[in-house]
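The structure appears below as structure tokens.
Rule-based calculations on the coordinates, nothing more; no lab input. Computed from a prediction, not measured in an experiment: that's the story for all the values here. For neighbour counting, all protein chains shown are included, and Cβ atoms are generated from backbone atoms with ideal geometry for every residue, glycine included.
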Amino acid sequence: MRKNIVAGNWKMNTTLPEGIKLAEEVNAALKGFSAKCDVVICVPFTHLASINNVIDKELLGLGAENCANHVKGAYTGEVSAPMVASTGATYVILGHSERRQYYGETSETLREKVRLALDNNLTPIFCVGEVLEERENGSYFEVVKCQLEEGLFNLSAEEFGKIILAYEPVWAIGTGKTATDDQAQEMHAFIRKTIEEKYGKEVAENTSILYGGSCKPSNAAALFAKPDVDGGLIGGAALEAESFMGIVKAF
Ligand code: 13P
């Protein structure tokens with residue numbers, strides 16, 4: 001069966017000491033509590049190795065927010081999947097809308113990144129989602145289907161089984177404007193149906209699909225109660241242990 005997962009995406013926030021403190025707080029909060037979901041934090045590259053040393057990986061998974069589309073070599077400033085894996089991290093966010101939008105990531109690059117992540121035993125948290133204009137002009141199903149097909153549907157069923165998906169409507173990210181639980185459910189059901197058409201019912205049923213976009217303690221329970229919403233990818237509310245744990249406790 002698919003897993004319920006709450007994953008934090010810290011984005012470009014926290015200095016190293018601040019990040020270590022936050023990770024320690026989340027780890028401590030998880031110690032006294034039996035979470036009904038897997039909990040993961042995806043943090044800046046600079047923090048990975050240090051945070052890996054202060055968390056209990058049985059309680060809290062660790063991931064990067066990106067990785068390079070090359071394995072090694074003359075790519076100044078890039079961080080490869082083997083480098084990420086060597087820190088102890090086991091997850092990597094790929095295809096976040098901020099990477100697509102501000103850094104020109106294309107489906108072609110993303111296919112390379114997904115391949116390298118899987119080759120290095122990193123679990124991709126692969127993001128899809130439409131912008132406001134696409135929501136308003138009604139093309140959002142088509143847009144998300146295209147992101148799935150172009151970014152992931154080259155994988156075998158076995159490989160696809162290792163992917164976690166995150167539906168993040170771009171208009172809901174950092175805006176305070178959450179998709180309603182019905183809007184999230186509608187898209188998650190569509191994503192699952194699209195997976196089923198490509199890989200069959202078993203793979204579709206086993207795929208965790210997280211919702212992301214202004215998810216917070218006050219709306220998480222209603223979102224997670226929807227049958228096709230298997231958890232959340234959390235930005236702003238992951239930057240304080242208390243609010244992040246409030247979302248973890250929504251399961
Ligand atoms: P917010 O929770 O800050 O809206 O960010 C969501 C997100 O982009 C997670 O990847």
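See the values below:
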{"quantity": "Test: residue in the stretch 189-207 that is of a type in the set (D, E, K, R) and touching a Phe, Trp or Tyr at 6+ places or on another chain (Cβ under 6 Å)", "calculated": "yes"}
{"quantity": "Criterion violated by GLU202 - all others in (1) within 30 Å of SER86 (Cα to Cα); (2) free of Cβ contacts under 8 Å to residues at least 60 places away in the same chain satisfied", "calculated": "(1)"}
{"quantity": "Selection status of ALA166, within 15 Å of the ligand (Cβ to nearest atom) and without any contact (Cβ under 8 Å) to a residue 60 or more places away in the chain", "calculated": "no"}
{"quantity": "Verdict on THR109 being in a loop (DSSP other than H, G, I, E, B) and not aliphatic (A, V, I, L, M)", "calculated": "no"}
{"quantity": "Selected residue [free of Cβ contacts under 8 Å to residues at least 12 places away in the same chain and either assigned to a strand (DSSP E or B) or not hydroxyl-bearing (Ser, Thr, Tyr) (or both)] from LYS57, LYS21, LYS11, LYS3", "calculated": "LYS21"}
{"quantity": "Residues (among the polar types (S, T, N, Q) and free of Cβ contacts under 8 Å to residues at least 40 places away in the same chain) located in the stretch 132-163", "calculated": "ASN137, SER139, SER156"}
{"quantity": "Residues (in a loop (DSSP other than H, G, I, E, B) and surrounded by 13 or more Cβ atoms within 10 Å (Cβ to Cβ)) located in the stretch 151-169", "calculated": "PHE153, ASN154, LEU155, GLY161, LYS162, ILE163, GLU168, PRO169"}
{"quantity": "Enumeration of residues in the stretch 233-242 that are part of a helix (DSSP H, G or I) and near the ligand (Cβ under 10 Å from one of its atoms)", "calculated": "GLY236, ALA237, ALA238"}
{"quantity": "Subset of the stretch 170-209 [more than 9 Å from the ligand (Cβ to nearest atom) and either among the polar types (S, T, N, Q) or under 13 Å from the mean Cα position of the chain (by Cα) (or both)]", "calculated": "THR180, GLN183, GLN185, THR194, ASN206, THR207, SER208, ILE209"}
{"quantity": "Condition check for CYS67: within 16 Å of the ligand (Cβ to nearest atom) and part of a strand (DSSP E or B)", "calculated": "no"}
{"quantity": "Every residue from the stretch 211-232 that is near the ligand (Cβ under 7 Å from one of its atoms) and either under 17 Å from LEU22 (Cβ atoms) or assigned to a helix (DSSP H, G or I) (or both)", "calculated": "none"}
{"quantity": "Considering residues of the stretch 70-120 that are closer than 17 Å to ALA49 by Cβ and under 17 Å from the mean Cα position of the chain (by Cα) only, the residue surrounded by the fewest Cβ atoms within 10 Å (Cβ to Cβ)", "calculated": "THR90"}
